[in-house]
Amino acid sequence: MAVELDTPSSIDGLYLERDNPIEPWRPVMTGDVFDGPTVPGCDEHSAVMILSHPCSLRTDGVQLVERVQALPVVPSIEIPIGGWKGNYRVMPLPDLRGDDTPYVAKLTEFGMVPAEDLDLHRRICALTEIGIELLQQRFFHNQSRVKVELPTLHKQAAPVFIEIELWTQWNEAYAEPRIEQGEDRDDVLKQEGYAFDQVMRRDLQNHLTMRDALKQERFHAEVRRQVLRATENH
C-alpha cells in the first residue's frame, strides 16, 4: 500500500512569508528559498531551498555553518494540494513568487551551498512550522521510504522554532530601528544576534540555560516571559 504523506491545509498554511525579498528580521531557517545560489552538479536552476535541519544550521547559536544543505528550486507543472500524495520526489511550492507560477524543490538532487552565498536581499520565501515539517517528512521519505509522523518531527524541532520566533521579535524591536536610522544591516543583525544569544545562554534555573530549557515543554512559557523581560530592559 502506498504511503500517504501529509499535505498543508492551504497554500497560506505552507508559507510564513513570500516577497522579494522577505524581511530580514527572521534569521535564516530551514525551508527558506534564496535566488542566486546553485547546488553543484544539479540540472539548471537559479534558486535553492535550505534543507539543513534547524538544529544544525548554526555553529555558535548565531553564525551559520560554513556550508548548508540545499535543494534546487525549479519551475514545475501545477501540482494541486490533492496531488501532492503522488509526487514524492519533490516539495511543491505553489505560487512561490506570487505570480501563479508553480515551482518545486527537487528532493532527489541536493548538495552543499556556501552560507556566504545566501543573500538576505534575495531571500524570497520562508515556510511556516508545518511547512518545514512537511519538507522534512517528504525528504526523509524520499531517502528511506519511511513516513515520519509530523508530531515526531515537531517535537524535535519545536525548541528551535520557538527560539527563531523570539529572535525575530528581538530583531524587530532592536535591529529594525537601528537599520532604519542608517546603520549597516549586516553588522546590526550580527550584533543583535549575539545580544539575543547571550540572553538564551542565561540560567533559567539549576544551571539550565534558557536555550536548553526550551527542550522541555513545561518551560516554554517561562522562557518566553524571560525573553520579553530582557527585551524590555535591553
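Only the coordinates and a few stated rules stand behind these numbers; no lab work does. On a predicted model such as this, the values are computed, not experimentally measured, just so you know. As a convention, Cβ positions derive from the backbone with ideal geometry for all residues, glycine included, and neighbour counts pool all protein chains shown.
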### Query
Say R0 is 30 Å: what FRET efficiency, to the nearest 0.05, do Arg224 and Ile77 get from their beta-carbon distance?
0.10
### Query
Where Lys and Arg each count +1 and Asp and Glu each count -1, what net charge lies around Arg97 among other residues with Cβ under 11 Å from its Cβ?
-4
### Summary
Quick calc, segment 49-160, dipole around Cα centre from Cβ unit charges on Lys, Arg (+) and Asp, Glu (-), nearest 20 debye, gives 420
### Query
How much length is gained if the chain between Asp187 and Asp19 is pulled fully straight, taking 0.36 nm per residue apart and subtracting their Cα-Cα distance, in nm to one decimal?
58.2 nm
### Task
Please list, or write none, the lysines whose alpha carbon is within less than 30 Å of the alpha carbon of Lys147, excluding same-chain residues fewer than 8 places away.
Lys85, Lys106, Lys155, Lys215
### Query
For Kirkwood radius over Cα pairs in Å, the listed values are [x] 17.3; [y] 17.9; [z] 18.6; which was obtained by calculation from the structure presented?
[z]
#### Entry: Extended-chain gain in nm, criterion 0.36 nm per residue less alpha-carbon gap, Ser46 and Gln198
51.1 nm
### Query
Can you give the Kirkwood hydrodynamic radius for segment 152-233, in Å, rounded to one decimal and based on Cα pairs?
13.4
### Leu204 long-range amide H proximity, modeled H, under 5 Å
Thr209, Met210
### Task
Report the residues of segment 59-95 in range of a label on Lys147: point 7 Å along Cα→C-beta, backbone N strictly under 15 Å from it.
82-89
### Task
As a check on your grasp of the helix formula, calculate [θ] at 222 nm for the chain: sum -39500 (n - 2.57) over DSSP H runs of n ≥ 4, divide by the residue count, round to the nearest 500.
-10000 deg cm²/dmol
### Task
Using Cα centres only, tell me the gap between segment 181-230 and segment 80-118 in whole Å.
32
### Dipole magnitude of segment 158-233 about its Cα centre (Cβ charges: Lys, Arg +1; Asp, Glu -1), debye to nearest 20
440
### Message
Over the Cα atoms of segment 52-135, what radius of gyration and what Dmax do you get, in Å?
### Response
14.0, 41
#### Entry: the chain, dipole about Cα centre (Lys/Arg Cβ +1, Asp/Glu Cβ -1), debye to the nearest 20
940
